[in-house]
Amino acid sequence: MEETLVKAIQDEYPDDFAWCYGCGRLNKDGHHFRTGWEGENTLTIYIPKPEHTAIPGFVYGGLIASFIDCHGTGSASLALHRKNGHELGDGIVPPPRFVTAALNVEFMKPTPQHVPLRAVGKVTEIHPKKWKVETEVFANDTLCARGEVIAVVMPATFTQK
């Protein structure tokens, strides 16, 4: 049985902010990472595709970095949305959107392909507009990578120049 998330923060991003190659639901060529709650932790699940190969049978590191990056910004959005008194699906206000200020990835073991990857995160507020997310990536029960994302709230008036 394949594990999936019923509710994800990326499903609630306004259309203008739903184009990220990693987690944008409107990017037809993207990964479509989806992040939700699992108890007090955050969770993103993804099955790497054949084109994500480093060497046969193993995932290339760039996908893992992208996985941790989007999981981190999604996790920060979940945490601030909850802190602001909202939950996924309440439809009252759109969730805050974050961008990455820093990304650190540590590869622990080669990541096998063709199995679901689970990014499990813990979120810490370090400033009203800056959040730290520590993530562990598992393939089955094997810890394959660890990462840290410093995510910064994107201004509501952000526009392209």
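The values are calculated or read from the model by the stated rules, or taken from the named source; none is laboratory data. Fair warning: this is a prediction, and the values are worked out from it, not measured in the lab. Counting neighbours? That spans all protein chains shown, and the Cβs are built from the backbone with ideal geometry, glycine included. Side chains are part of the model used for accessible areas, which takes the heavy atoms of the whole protein and leaves out ligands, DNA and RNA. Shrake-Rupley method; radii C 1.70, N 1.55, O 1.52, S 1.80 Å.
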Filter result (open to solvent by 10 Å² or more (accessible area, probe 1.4 Å), in contact (Cβ under 8 Å) with a residue 60 or more places away in the chain and aliphatic (A, V, I, L, M)) within the range 22-58: ILE45, ILE47
Residue within the range 33-42 that is modelled with pLDDT of 95 or more, farther than 21 Å from LYS129 by Cβ and of a type in the set (A, V, I, L, M, F, W, C) present: yes
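So, VAL123, is that one more than 19 Å from GLY22 (Cα to Cα) and assigned to a strand (DSSP E or B) or not? I'd like the intermediate steps shown before the answer.
Numbers: more than 19 Å from GLY22 (Cα to Cα): yes; assigned to a strand (DSSP E or B): yes.
Answer is yes for this residue.
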Hits in the range 126-139 - residues which are outside any loop (DSSP other than H, G, I, E, B) and open to solvent by 40 Å² or more (accessible area, probe 1.4 Å): ILE126, HIS127, LYS130, LYS132, GLU134, GLU136, PHE138
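Do we find that THR73 is polar (S, T, N, Q) and under 23 Å from PRO116 (Cα atoms) in this structure? Can you show your working first?
Values: polar (S, T, N, Q): yes; under 23 Å from PRO116 (Cα atoms): yes.
It is true that THR73 is polar (S, T, N, Q) and under 23 Å from PRO116 (Cα atoms).
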Among (1) within 30 Å of PRO112 (Cβ to Cβ); (2) touching a helix residue (DSSP H, G or I) at 6+ places or on another chain (Cβ under 9 Å) - the single one ILE55 does not satisfy: (2)
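For the range 100-128, give me each residue that is of a type in the set (Val, Ile, Thr) and either over 21 Å from PRO14 (Cα atoms) or at pLDDT below 95 (or both).
Step one: filter the range 100-128 for residues of a type in the set (Val, Ile, Thr), giving 100, 105, 111, 115, 120, 123-124, 126.
Selection gives VAL105, THR111, VAL115, VAL120, VAL123, THR124, ILE126.
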Every residue from the range 82-105 that is in contact with a helix residue (DSSP H, G or I) (Cβ under 7 Å, 6 or more places away or on another chain) and assigned to a helix (DSSP H, G or I): none
Candidate set from the range 70-102 (those that are in contact (Cβ under 8 Å) with a residue 40 or more places away in the chain and polar (S, T, N, Q)); member that is farthest from GLU148 (Cα to Cα): SER77
Those residues of the range 100-125 which are open to solvent by less than 60 Å² (accessible area, probe 1.4 Å) and among the small types (Gly, Ala, Ser), in sequence order: ALA102, ALA119, GLY121
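Residue-by-condition table, conditions (1) buried (at least 17 other Cβ atoms within 10 Å of the Cβ); (2) in contact with a Cys (Cβ under 8 Å, 6 or more places away or on another chain); (3) within 19 Å of GLY22 (Cα to Cα):
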site	(1), (2), (3)
GLY61	no, no, yes
ILE64	yes, yes, yes
GLY72	yes, no, yes
SER75	yes, no, yes
HIS81	yes, no, no
ASP90	no, no, no
PHE98	yes, no, yes
